[in-house]
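> Once you've had a glance at the structure underneath, I'll fire off some questions.
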Amino acid sequence: MDGCDCIEPLWPTDDLLVKYQYISDFFIALAYFSIPLELIYFVKKSSFFPYRWVLIQFGAFIVLCGATHLINLWTFTTHTKTVAMVMTIAKVSTAVVSCATALMLVHIIPDLLSVKTRELFLKNKAEELDREMGLIRTQEETGRHVRMLTHEIRSTLDRHTILKTTLVELGRTLALEECALWMPSRSGSSLQLSHTLRHQITVGSSVPINLPVVNQVFSSNRAIIIPHTSPLARIRPLAGRYVPPEVAAVRVPLLHLSNFQINDWPELSAKSFAIMVLMLPSDSARKWHGHELELVEVVADQVAVALSHAAILEESMRARDLLMEQNVALDLARREAEMAIRARNDFLAVMNHEMRTPMNAIIALSSLLLETELTPEQRLMVETVLKSSNLLATLINDVLDLSKLEDGSLELEIKAFNLHAVFKEVMSFIKPIASIKRLSVSVMLAPDLPLCAIGDEKRLMQTILNISGNAVKFTKEGHITLVAAIVKTDSLREFRTPEFHPTASDEHFYLKVQIKDTGCGISPQDLPHVFTKFAHPQSGGNRGFNGSGLGLAICKRFVTLMGGHIWLDSEGTGRGCTATFIVKLGVCDNTNTYQQQLIPLVWPSSADSDLSAPKAHPDGRGSASLKSRYQRSV
């Protein structure tokens, strides 16, 4: 053992080595203390690191290691027991923390190994996002093509240009081998090839519309793939050997102007369809993609809209041409009608002069002849001549008046006149005729009826005369009553009709004239036709009376011109008739010129006791009451 050199002899402390160890421990402690600061900075700046508590534990381990190296600086020389205790505690703490950290890393390592799996997941997500972005770009490209195609299609309203442009643009955009359009025939039983892109086959060929492939396309609103051997796909000649291409077909709705209903959409059954067939290039492995079929569907819809606009334009142009033709025809008819009216007016003007002159001579001579001594047979013949002459003169006057009314040349002569004198004049005309038939005639004027009025005196008198003359004509026995009064303002509403709208004013008033007779009356079925030209009542009580059928028609025109309304009431055949009309007359301020000449009240005989006139008492009280109700009775 004495000669063995296995154990190195003790070496005395070298101050230089101690110095290097001292400096090294200092820098080791400094490095250990700086690492936790860097970890703290990393944890603070990183918001996604999932193991913060591990970093904190690892930082504590490093701090304790640094503390042991720092304390070790005081152990190179003679030191106290306190320094040894602190050194011991520091090393024990370092050991505990280091062991705990090592055990914790055993659990963390599998999680750290799974980071690779997450990277793979993120890579897959990135690839999926790239695919979605590619789809979005494809959709944007499809939308761009749709906008371009839509612009080209809608740049014209000619149907053939629309279809040709559609085929050309689809062939260029989708790089098609061929593209064609099958249109329905006029009979609707077949489809005819109307347009092709390459013109590889003559247009005009047809296929039955009841084929299964046609029904399949019609029943779907999407573009579908059809067999390349189907009749619809025969849009190019079969030449050589080639790989069968994929063929797509889509329906194109054809909406015409006649399909639409007012305030409603057309039914689906009212639509007809065309079929657009698209063929990919042969001898290639290219297939139809979803976005390409969507493009075809959208273009088909746009073509349908453009064709409907073109159809509407064609209909409007045809309607315009038809309207122009009708306008030309109407203008020609108007000129011919004006020429006919002028010729008729000239003829009537000549007839007015040429026929009235001899007619007046016949009437005058017949009247004078009646005043001579004649045999009963001669008197009957002269009376017949006179009656016929009067009837013919009345007919001539009625025809002339009606002609002026119809062509609008008749104008009212508005002036001030004596209103009471009009009724007196009417009575002077019809009373002699009524006396021959033993009829009593009475006129009753309301107390507030003005003496003077502004209007057409001649037409008002003619209207009253026509109606009164009819009353005398159609009454065999009994009485005729004429009542005139002013319509009160609060009663105007009762007389309103769709054609008559009276309005109250201080400048005018409404005169109501009512003529009642006890004649043959009018049946209810004849009442709506009494104011029609040349209309004659069909009831048996009126068949024995002759007339032109123009009197009441002219009266209605006159009353309408004077801003009024006329109507007839009758309870039936044999119960008499009541004719009533209302006309608008102006208020006359100067009444001094028209002095009223009062005449005695004359009431009907006792045979007419059913009238509303009260009877006079012997003491005269009845006369006073009559004067209070009526100003004049003729």
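> Between Gly549, Gly572, Gly563, which is within 17 Å of Arg496 (Cα to Cα), open to solvent by less than 70 Å² (accessible area, probe 1.4 Å) and either at pLDDT below 85 or not in a strand (DSSP E or B) (or both)?
So the residue among Gly549, Gly572, Gly563 that is within 17 Å of Arg496 (Cα to Cα), open to solvent by less than 70 Å² (accessible area, probe 1.4 Å) and either at pLDDT below 85 or not in a strand (DSSP E or B) (or both) is Gly563.
> Which one of these does Gly544 not meet: (1) open to solvent by less than 80 Å² (accessible area, probe 1.4 Å); (2) at pLDDT below 85; (3) part of a helix (DSSP H, G or I)?
Only one criterion is unmet by Gly544, namely (3).
> Give me the pairs, please: first residue somewhere in the range 15-37 and of a type in the set (Val, Ile, Thr), second residue anywhere and at pLDDT 70 or above and in a helix (DSSP H, G or I), beta-carbon distance under 8 Å, and either six or more positions apart or on two chains.
Ile28/Gly66; Ile28/His69; Ile35/Gly59; Ile35/Ile62
> In the range 440-462, which residues are closer than 29 Å to Cys520 by Cβ and modelled with pLDDT under 90?
Arg459, Met461, Gln462
> Sticking with this structure for a sec: What residue, of Ile235, Ile209, is of a type in the set (Val, Ile, Thr) and open to solvent by 10 Å² or more (accessible area, probe 1.4 Å)? I'd like the intermediate steps shown before the answer.
Details: Ile235 fails: open to solvent by 10 Å² or more (accessible area, probe 1.4 Å).
That would be Ile209, the only listed residue that is of a type in the set (Val, Ile, Thr) and open to solvent by 10 Å² or more (accessible area, probe 1.4 Å).
> So, one more: Going by what's in this entry, would Ile362 be described as modelled with pLDDT of 80 or more, among the aliphatic types (A, V, I, L, M) and on the phi < 0 side of the Ramachandran plot?
yes
> Name every residue in the range 491-521 that is open to solvent by less than 20 Å² (accessible area, probe 1.4 Å), in a loop (DSSP other than H, G, I, E, B) and in contact with a Leu (Cβ under 8 Å, 6 or more places away or on another chain), in order of residue number.
Pro502
> Here is a follow-up. Kindly indicate the residue of the range 413-423 that is surrounded by 15 or more Cβ atoms within 10 Å (Cβ to Cβ) and within 16 Å of Lys584 (Cβ to Cβ) and also nearest to the chain's Cα centre (by Cα) among those meeting that condition.
Looking at the filtered set, the residue picked out is Ala416.
> Restricted to the range 424-440, and to residues that are in contact with a helix residue (DSSP H, G or I) (Cβ under 8 Å, 6 or more places away or on another chain) and in a loop (DSSP other than H, G, I, E, B), which residue is surrounded by the most Cβ atoms within 10 Å (Cβ to Cβ)?
Filtering first and then ranking leaves Leu439.
> Out of (1) more than 30 Å from Ser388 (Cβ to Cβ); (2) touching a helix residue (DSSP H, G or I) at 6+ places or on another chain (Cβ under 6 Å), what's the single condition that is false for Ile362?
For Ile362, the failing item is (1).
> Test of understanding: among Leu323, Leu332, which residue is at pLDDT 80 or above, within 23 Å of Arg159 (Cβ to Cβ) and open to solvent by 50 Å² or more (accessible area, probe 1.4 Å)?
Within the list Leu323, Leu332, the selection yields Leu323.
A quick yes/no check of all residues on (1) in contact (Cβ under 8 Å) with a residue 40 or more places away in the chain; (2) within 59 Å of the chain's Cα centre (by Cα); (3) surrounded by 15 or more Cβ atoms within 10 Å (Cβ to Cβ):
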{"position": "Leu280", "(1), (2), (3)": "yes, yes, yes"}
{"position": "Glu292", "(1), (2), (3)": "yes, yes, yes"}
{"position": "Ile312", "(1), (2), (3)": "yes, yes, yes"}
{"position": "Glu336", "(1), (2), (3)": "no, yes, no"}
{"position": "Glu377", "(1), (2), (3)": "no, no, no"}
{"position": "Leu386", "(1), (2), (3)": "no, no, yes"}
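> Inspect the range 185-198 for any residue being assigned to a loop (DSSP other than H, G, I, E, B) and under 23 Å from Leu295 (Cα atoms) and give the result as yes or no.
Yes: one or more hits.
> Please specify each residue of the range 522-532 satisfying the condition of being polar (S, T, N, Q) and surrounded by fewer than 12 Cβ atoms within 10 Å (Cβ to Cβ).
Gln525 - this is the single residue of the range 522-532 that is polar (S, T, N, Q) and surrounded by fewer than 12 Cβ atoms within 10 Å (Cβ to Cβ).
> Follow-up question, since we're still on this one. Restricting to the range 294-310, give me the number of residues that are more than 19 Å from Ile136 (Cα to Cα) and open to solvent by 60 Å² or more (accessible area, probe 1.4 Å).
2
> Follow-up. Within the range 160-178, track down each residue that is under 23 Å from Ala311 (Cα atoms) and not hydroxyl-bearing (Ser, Thr, Tyr).
His160, Ile162, Leu163, Lys164, Leu167, Val168, Glu169, Leu170
> Considering the range 441-474 alone, what residues qualify as being open to solvent by less than 20 Å² (accessible area, probe 1.4 Å), among the polar types (S, T, N, Q) and touching a residue at least 60 places away in the same chain (Cβ under 8 Å)?
Matches in the range 441-474: Ser442, Thr463.
The values are calculated or read from the model by the stated rules, or taken from the named source; none is laboratory data. This is a predicted model, so every value here is computed, not measured. Please note: Cβ atoms are built from the backbone with ideal geometry, for glycine as well, and neighbour counts cover all protein chains shown. SASA here: full protein model, heavy atoms, side chains in, ligands and nucleic acids out. Shrake-Rupley method; radii C 1.70, N 1.55, O 1.52, S 1.80 Å.
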